[in-house]
Amino acid sequence: MARRAAAYQREHPDVRLLRLGVGDVKGPLAPAVVEAMAAAVAELGRAETFRGYGPEQGYLFLREAMAREDFQARGAEIGPEEICVSDGAKSDCGNIGDLFAPESRVAVCDPVYPAYVDAAVLAGRAGTYDPATGRWSGLVYLPCRPEDGFMPRPPEEPVDLVWLCSPNNPTGGAATRGQLQAWVDYANDCGAVLLFDAAYEAFLDGTDRPRSIFEVPGARRCAIEFRSFSKTAGFTGVRCGAVAIPSELVREGQSLLSLWRRRQSVRYNGNSYIAQRGAAAAYTPEGRRQVRANVAACRRAARLLLEGAEAAGLTAYGGTCAPYVWARVPAGMTSWSFFDLLLREAGVVATPGSGFGPGGEGYIRFSAFGGEETVRAAVERLRRL
């Protein structure tokens, strides 16, 4: 995608490309976050307040804020001792596999955020790749259909690990409480562990859909949750995230929380004090107001993108609970041929759905992170096209 767009730009330097592909925030950081990080830098510049290695699980001031605001305020019983801070959810999603046996059977959504599949491939759990089907032999693929809001149903067979993401990347779908309860019941019945990616939970404001898997009864015995400041507080370049692992989550007599802490202490020296101070500032009254304003602006852009895609004649989904719009490509076209058409005829860069697995073929993903101005311009070009 990036190479094609770059090649087109070299050939047409006068065309302003409108980039709605990569889900990267455009900033700026909230003022309260910037002030907190600047104060942290000043602390490190004085001998009496300098800090060296911090705790591998993260500073208590951030873990207490996360436990209080992200979990306990919503009725989820997660304490600061069950939260481990990191340099971002993507690292955690790749590293969590270290806790499980190599032969663990992994289930992934289809379409899916590619990092989950790649993590299984790197760990040797994916088997062999079949280019004819676009699937790996060792993975269990869970179809995500429009009639289910693009959320998967539990499989008939037992598995060991299940990747879930709500709100979902790439489809923009969000799981209902009933859908998540079905997954928790399934996992507790067969002993599976749910790996729940909540990177986009801030986009669920105003809905009754759970923003944490631990709002669902029984989840403490079967789930791990990944949280991120990237899309909420604009930390894609700052880097800060966290994993919540309940003390009750035990497999084969081992506490997964204890194993994760041990893993982090061996391979990780903790996230930056500066980043953690900035993250904690997002929970202050002023910081929360500013961060919510940034998220609200992205949600407005996503709504404009959804309405614009529909006005252009596309069948589109998402755009309300997530920063992505997931649209069917016109009849007779593939994801890549429609990508090329948008690039060539409209100067709009999107992401072909086939990049998210075989179930993504026939779709294209638009990102609202480009901002309202870019989205408005792209929508106008889509309508003309």
*In the neighborhood of Arg384, defined by Cβ-to-Cβ distances under 15 Å, what is the net charge if each Lys or Arg adds +1 and each Asp or Glu adds -1?*
+3
*Mind checking the stretch 84-165 for GluC sites (Glu not before Pro) that DSSP puts in a loop (not H, G, I, E or B) and that have at most 13 other Cβ atoms within 10 Å?*
Glu103, Glu156
*Net charge near Gly241: determine it from the other residues with C-beta under 13 Å of the C-beta of Gly241, scoring Lys and Arg +1 and Asp and Glu -1.*
-1
_Ranked packing of 347-354, 298-305, most packed first, by mean Cβ within 10 Å_ = 347-354, 298-305
*Surface/4 of the Cα convex hull for the stretch 115-212, nm²*: 6.9
*Quick one: accessible area per residue over the chain, 1.4 Å probe, rounded to a whole number of Å²?*
43
*Which is farthest toward the positive dipole end of the stretch 219-366 among Asn294, Gly347, Pro246, measuring Cα position about the Cα centre, with Cβ charges +1 (Lys, Arg) and -1 (Asp, Glu)?*
Pro246
_Suppose the chain between Ala311 and Tyr268 were pulled fully straight at 0.36 nm per residue; how much longer would it get relative to their current alpha carbon spacing?_
10.6 nm
*Please sort 108-115, 308-315 by packing, taking for each peptide the average over its residues of neighbouring beta carbons within 10 angstrom, highest first.*
108-115, 308-315
*For the chain, what is the Kirkwood estimate of the hydrodynamic radius, computed as the reciprocal of the mean inverse distance between distinct Cα atoms, to one decimal in Å?*
21.6
*Counting Lys +1, Arg +1, Asp -1, Glu -1, what net charge surrounds Leu305 among other residues with beta carbon under 11 Å of its beta carbon?*
+2
*Let me know the volume per residue of the alpha-carbon convex hull for the stretch 287-384, in Å³.*
93
*If you take the charge dipole of the stretch 95-190 about its Cα centre, with +1 on Lys and Arg Cβ and -1 on Asp and Glu Cβ, which of Tyr129, Phe150, Ala101 is farthest toward its positive end?*
Phe150
*asked:* With a cap of 13 neighbouring Cβ atoms within 10 Å, and only residues DSSP puts in a loop, list the GluC sites (Glu not before Pro) found in the stretch 1-99.
replied: Glu48
*If each Cα of the stretch 167-273 is one equal point scatterer, what is log10 of I(q)/I(0) from the Debye formula at q = 0.14, 0.21, 0.22 Å⁻¹?*
-0.64, -1.19, -1.24
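The values are calculated or read from the model by the stated rules, or taken from the named source; none is laboratory data. Just so it is clear, the model here is predicted, and its values are computed rather than measured. Cβ coordinates were reconstructed from backbone atoms using ideal geometry, including for glycine residues, and neighbour counts include every protein chain displayed. Accessible surface areas use protein heavy atoms only, side chains included; no ligands, DNA or RNA. Shrake-Rupley method; radii C 1.70, N 1.55, O 1.52, S 1.80 Å.
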